[in-house]
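These notes are about the structure you will find just below.
The values are calculated or read from the model by the stated rules, or taken from the named source; none is laboratory data. Bear in mind the structure is a predicted one, so any value in this text is a computation, not a measurement. For neighbour counting, all protein chains shown are included, and Cβ atoms are generated from backbone atoms with ideal geometry for every residue, glycine included.
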Amino acid sequence: MRRVSQPVKRPYRSRKREAGAAATRERIRQAAAELFTEQGYTATSLRQVAERAGVAERTLYTRFDSKLELLRHVINVLTVGDEQRIPVRDRPGVVAARETEDPREALARWVAEGAALMERAGDVIMVAYEVSGSDPELGDLVRRGITSTHGIHLGLTEILAARGQLRPGLDAVAAADILYALGSPATHHALRRERGWTAARYQAWLTDAAVQQLLPPDAPPGDP
(Lines give C-alpha, C1' and ligand atoms only; values in the text may rest on other atoms or scores of the structure.)
Protein backbone atom coordinates (compact mmCIF):
# COMPACT_ATOMS: atom_id res chain seq x y z
CA MET A 1 0.00 0.00 0.00
CA ARG A 2 1.30 3.41 -0.93
CA ARG A 3 1.94 5.64 2.03
CA VAL A 4 0.49 9.11 1.94
CA SER A 5 3.12 11.69 2.76
CA GLN A 6 2.38 14.01 5.63
CA PRO A 7 2.40 17.75 4.95
CA VAL A 8 5.55 19.49 6.05
CA LYS A 9 4.94 21.84 8.97
CA ARG A 10 6.15 25.35 8.42
CA PRO A 11 6.71 26.96 11.81
CA TYR A 12 7.77 30.22 10.23
CA ARG A 13 4.22 30.70 9.00
CA SER A 14 2.92 30.33 12.53
CA ARG A 15 5.49 32.82 13.81
CA LYS A 16 4.47 35.25 11.09
CA ARG A 17 0.81 34.94 12.05
CA GLU A 18 1.66 35.40 15.72
CA ALA A 19 3.72 38.51 14.93
CA GLY A 20 0.84 39.91 12.88
CA ALA A 21 -1.64 39.24 15.67
CA ALA A 22 0.67 40.89 18.21
CA ALA A 23 1.03 43.95 15.98
CA THR A 24 -2.76 44.18 15.69
CA ARG A 25 -3.18 43.99 19.47
CA GLU A 26 -0.57 46.73 19.87
CA ARG A 27 -2.46 49.03 17.49
CA ILE A 28 -5.68 48.32 19.36
CA ARG A 29 -4.04 49.02 22.73
CA GLN A 30 -2.54 52.28 21.51
CA ALA A 31 -5.81 53.44 19.99
CA ALA A 32 -7.78 52.50 23.10
CA ALA A 33 -5.32 54.21 25.45
CA GLU A 34 -5.41 57.39 23.38
CA LEU A 35 -9.20 57.50 23.19
CA PHE A 36 -9.76 56.62 26.84
CA THR A 37 -7.35 59.39 27.84
CA GLU A 38 -8.64 61.98 25.37
CA GLN A 39 -12.39 61.60 25.84
CA GLY A 40 -12.91 59.29 28.80
CA TYR A 41 -14.04 55.70 29.23
CA THR A 42 -17.77 56.32 28.95
CA ALA A 43 -17.58 58.37 25.75
CA THR A 44 -15.31 55.88 23.97
CA SER A 45 -16.90 53.15 21.88
CA LEU A 46 -15.33 49.98 20.53
CA ARG A 47 -16.19 51.20 17.05
CA GLN A 48 -14.07 54.30 17.60
CA VAL A 49 -11.20 52.16 18.84
CA ALA A 50 -11.43 49.93 15.78
CA GLU A 51 -11.47 52.92 13.43
CA ARG A 52 -8.41 54.53 15.04
CA ALA A 53 -6.55 51.22 15.17
CA GLY A 54 -7.32 50.58 11.51
CA VAL A 55 -8.96 47.20 12.12
CA ALA A 56 -12.40 45.83 11.38
CA GLU A 57 -14.85 46.18 14.22
CA ARG A 58 -15.46 42.43 14.03
CA THR A 59 -11.73 41.86 14.55
CA LEU A 60 -11.90 43.89 17.75
CA TYR A 61 -14.90 41.97 19.05
CA THR A 62 -13.22 38.61 18.40
CA ARG A 63 -10.45 39.65 20.78
CA PHE A 64 -12.41 41.56 23.40
CA ASP A 65 -15.96 40.82 24.47
CA SER A 66 -16.54 44.21 26.04
CA LYS A 67 -15.07 47.66 26.55
CA LEU A 68 -14.23 46.75 30.15
CA GLU A 69 -12.24 43.74 28.98
CA LEU A 70 -10.36 45.98 26.56
CA LEU A 71 -9.59 48.52 29.30
CA ARG A 72 -8.42 45.73 31.60
CA HIS A 73 -6.15 44.39 28.85
CA VAL A 74 -4.70 47.84 28.16
CA ILE A 75 -3.98 48.48 31.85
CA ASN A 76 -2.49 45.02 32.40
CA VAL A 77 -0.11 45.23 29.45
CA LEU A 78 0.92 48.85 30.01
CA THR A 79 1.50 48.14 33.69
CA VAL A 80 4.07 45.40 33.08
CA GLY A 81 5.32 46.74 29.74
CA ASP A 82 4.66 43.74 27.51
CA GLU A 83 2.33 40.78 26.97
CA GLN A 84 4.36 38.27 28.95
CA ARG A 85 2.42 36.78 31.85
CA ILE A 86 4.95 37.93 34.45
CA PRO A 87 3.41 40.03 37.25
CA VAL A 88 4.99 43.27 38.39
CA ARG A 89 6.30 41.76 41.63
CA ASP A 90 8.33 39.21 39.64
CA ARG A 91 9.78 41.59 37.05
CA PRO A 92 13.62 41.76 37.06
CA GLY A 93 13.85 45.42 38.10
CA VAL A 94 11.46 44.92 41.02
CA VAL A 95 13.24 41.76 42.16
CA ALA A 96 16.60 43.55 41.93
CA ALA A 97 15.32 46.39 44.11
CA ARG A 98 14.20 43.95 46.80
CA GLU A 99 17.58 42.21 46.71
CA THR A 100 19.61 45.44 46.97
CA GLU A 101 21.06 45.72 50.47
CA ASP A 102 21.76 49.46 50.43
CA PRO A 103 18.34 50.88 51.45
CA ARG A 104 18.81 54.14 49.56
CA GLU A 105 19.78 52.32 46.39
CA ALA A 106 16.91 49.88 46.90
CA LEU A 107 14.43 52.77 47.11
CA ALA A 108 15.99 54.50 44.10
CA ARG A 109 15.57 51.35 42.03
CA TRP A 110 12.06 50.84 43.36
CA VAL A 111 11.06 54.39 42.47
CA ALA A 112 12.59 54.07 38.99
CA GLU A 113 10.44 51.00 38.31
CA GLY A 114 7.32 52.71 39.64
CA ALA A 115 7.95 55.92 37.73
CA ALA A 116 8.41 54.01 34.47
CA LEU A 117 5.17 52.14 35.17
CA MET A 118 3.30 55.41 35.70
CA GLU A 119 4.71 56.85 32.47
CA ARG A 120 3.30 53.84 30.59
CA ALA A 121 0.02 53.28 32.39
CA GLY A 122 -0.72 56.15 34.75
CA ASP A 123 -3.02 58.10 32.43
CA VAL A 124 -5.18 55.08 31.64
CA ILE A 125 -5.33 54.02 35.28
CA MET A 126 -6.57 57.52 36.11
CA VAL A 127 -9.37 57.07 33.57
CA ALA A 128 -10.49 53.95 35.43
CA TYR A 129 -10.28 55.78 38.78
CA GLU A 130 -12.41 58.67 37.54
CA VAL A 131 -15.41 56.52 36.58
CA SER A 132 -15.01 53.68 39.07
CA GLY A 133 -17.61 55.16 41.41
CA SER A 134 -20.37 54.93 38.80
CA ASP A 135 -19.46 51.54 37.34
CA PRO A 136 -19.40 48.54 39.73
CA GLU A 137 -17.19 46.44 37.44
CA LEU A 138 -14.68 49.23 37.03
CA GLY A 139 -14.83 49.85 40.77
CA ASP A 140 -13.92 46.22 41.38
CA LEU A 141 -11.05 46.50 38.89
CA VAL A 142 -9.69 49.58 40.66
CA ARG A 143 -10.02 48.05 44.14
CA ARG A 144 -8.14 44.93 43.08
CA GLY A 145 -5.45 47.11 41.53
CA ILE A 146 -5.09 49.09 44.77
CA THR A 147 -4.77 45.91 46.84
CA SER A 148 -2.22 44.43 44.46
CA THR A 149 -0.14 47.61 44.33
CA HIS A 150 -0.04 47.96 48.11
CA GLY A 151 0.96 44.33 48.39
CA ILE A 152 3.87 44.88 46.02
CA HIS A 153 5.09 47.84 48.10
CA LEU A 154 4.69 45.74 51.25
CA GLY A 155 6.99 43.13 49.72
CA LEU A 156 9.79 45.70 49.80
CA THR A 157 9.01 47.39 53.11
CA GLU A 158 8.85 44.06 54.94
CA ILE A 159 12.40 43.38 53.76
CA LEU A 160 13.56 46.82 54.88
CA ALA A 161 11.87 46.28 58.25
CA ALA A 162 13.49 42.86 58.69
CA ARG A 163 16.91 44.43 58.03
CA GLY A 164 16.22 47.17 60.57
CA GLN A 165 16.48 49.83 57.88
CA LEU A 166 13.20 51.68 58.38
CA ARG A 167 13.21 54.82 60.49
CA PRO A 168 12.29 54.35 64.17
CA GLY A 169 8.58 53.98 64.84
CA LEU A 170 7.71 53.08 61.25
CA ASP A 171 6.44 49.58 60.55
CA ALA A 172 6.28 47.77 57.21
CA VAL A 173 2.57 48.38 56.62
CA ALA A 174 2.79 52.13 57.27
CA ALA A 175 5.89 52.31 55.08
CA ALA A 176 3.99 50.56 52.28
CA ASP A 177 1.15 53.06 52.76
CA ILE A 178 3.63 55.91 52.23
CA LEU A 179 5.12 54.36 49.07
CA TYR A 180 1.63 53.74 47.75
CA ALA A 181 0.59 57.36 48.30
CA LEU A 182 3.79 58.87 46.90
CA GLY A 183 3.75 56.74 43.76
CA SER A 184 0.00 56.78 43.14
CA PRO A 185 -1.52 57.60 39.74
CA ALA A 186 -3.09 60.71 41.30
CA THR A 187 0.28 62.07 42.45
CA HIS A 188 1.84 61.27 39.09
CA HIS A 189 -1.04 62.99 37.28
CA ALA A 190 -0.88 66.07 39.50
CA LEU A 191 2.84 66.65 38.99
CA ARG A 192 3.45 65.32 35.47
CA ARG A 193 0.22 66.35 33.74
CA GLU A 194 -1.26 69.21 35.76
CA ARG A 195 1.98 70.90 36.89
CA GLY A 196 4.05 69.90 33.89
CA TRP A 197 7.03 68.40 35.72
CA THR A 198 9.51 66.50 33.58
CA ALA A 199 9.81 62.74 34.09
CA ALA A 200 13.33 63.24 35.49
CA ARG A 201 12.18 65.85 38.03
CA TYR A 202 9.25 63.69 39.10
CA GLN A 203 11.47 60.63 39.63
CA ALA A 204 14.11 62.62 41.53
CA TRP A 205 11.47 64.14 43.83
CA LEU A 206 9.84 60.77 44.41
CA THR A 207 13.17 59.15 45.27
CA ASP A 208 14.05 61.92 47.72
CA ALA A 209 10.61 61.81 49.33
CA ALA A 210 10.73 58.02 49.74
CA VAL A 211 14.18 58.16 51.34
CA GLN A 212 13.18 60.95 53.72
CA GLN A 213 9.94 59.29 54.75
CA LEU A 214 11.16 55.71 55.16
CA LEU A 215 14.80 55.78 56.25
CA PRO A 216 16.55 57.16 59.34
CA PRO A 217 18.14 60.52 58.47
CA ASP A 218 21.47 59.69 60.12
CA ALA A 219 21.89 56.07 59.00
CA PRO A 220 24.76 55.56 56.50
CA PRO A 221 23.83 53.75 53.28
CA GLY A 222 23.55 50.02 53.74
CA ASP A 223 23.67 50.14 57.58
CA PRO A 224 20.71 49.20 59.77
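Is at least one residue of the stretch 191-201 assigned by TED's automatic domain parsing to the domain that holds GLU119, of a type outside the set (A, V, I, L, M) and in contact (Cβ under 8 Å) with a residue 40 or more places away in the chain? Break it down into steps so the answer makes sense when it comes.
First pass over the stretch 191-201, keeping only residues assigned by TED's automatic domain parsing to the domain that holds GLU119: 191-201.
Within this subset, residues satisfying the condition of being of a type outside the set (A, V, I, L, M) are 192-198, 201.
Now narrow it down to the ones that are in contact (Cβ under 8 Å) with a residue 40 or more places away in the chain: 192-193.
The answer is yes, given that some residue of the stretch 191-201 is assigned by TED's automatic domain parsing to the domain that holds GLU119, of a type outside the set (A, V, I, L, M) and in contact (Cβ under 8 Å) with a residue 40 or more places away in the chain.
Of all residues in the stretch 51-84, which are closer than 22 Å to ARG143 by Cβ, part of a loop (DSSP other than H, G, I, E, B) and modelled with pLDDT of 90 or more? Spell out the reasoning first.
We begin by selecting, within the stretch 51-84, every residue closer than 22 Å to ARG143 by Cβ; these are 64-80.
From the residues that got through so far, the ones that are part of a loop (DSSP other than H, G, I, E, B) too are 64-66.
Within the stretch 51-84, PHE64, SER66 qualify.
Might you let me know whether the stretch 155-177 holds any residue that is free of Cβ contacts under 8 Å to residues at least 40 places away in the same chain, surrounded by 14 or more Cβ atoms within 10 Å (Cβ to Cβ) and among the polar types (S, T, N, Q)?
For the stretch 155-177, residues free of Cβ contacts under 8 Å to residues at least 40 places away in the same chain, surrounded by 14 or more Cβ atoms within 10 Å (Cβ to Cβ) and among the polar types (S, T, N, Q): absent.
Can you list the helices (runs of 4 or more DSSP H) found entirely within the stretch 105-192 that contain at least 3 residues being more than 18 Å from the chain's Cα centre (by Cα)? Steps first, answer last, please.
Values: elements: 136-162, 172-182, 185-188.
Output list reads 136-162, 172-182.
Starting from residues that are free of Cβ contacts under 8 Å to residues at least 12 places away in the same chain and surrounded by fewer than 16 Cβ atoms within 10 Å (Cβ to Cβ), keep the ones in the stretch 178-190 and report whichever is farthest from ALA121 (Cα to Cα).
ALA181
With respect to the numbered conditions (1) within 22 Å of VAL131 (Cβ to Cβ); (2) at pLDDT below 95; (3) in a loop (DSSP other than H, G, I, E, B), which one is the sole condition not fulfilled by THR44?
Only one criterion in (1) within 22 Å of VAL131 (Cβ to Cβ); (2) at pLDDT below 95; (3) in a loop (DSSP other than H, G, I, E, B) is unmet by THR44, namely (2).
Out of the stretch 51-66, which residues are buried (at least 18 other Cβ atoms within 10 Å of the Cβ) and either touching a Leu at 6+ places or on another chain (Cβ under 7 Å) or of a type in the set (Ser, Thr, Tyr) (or both)?
Scanning the stretch 51-66 gives LEU60, PHE64.
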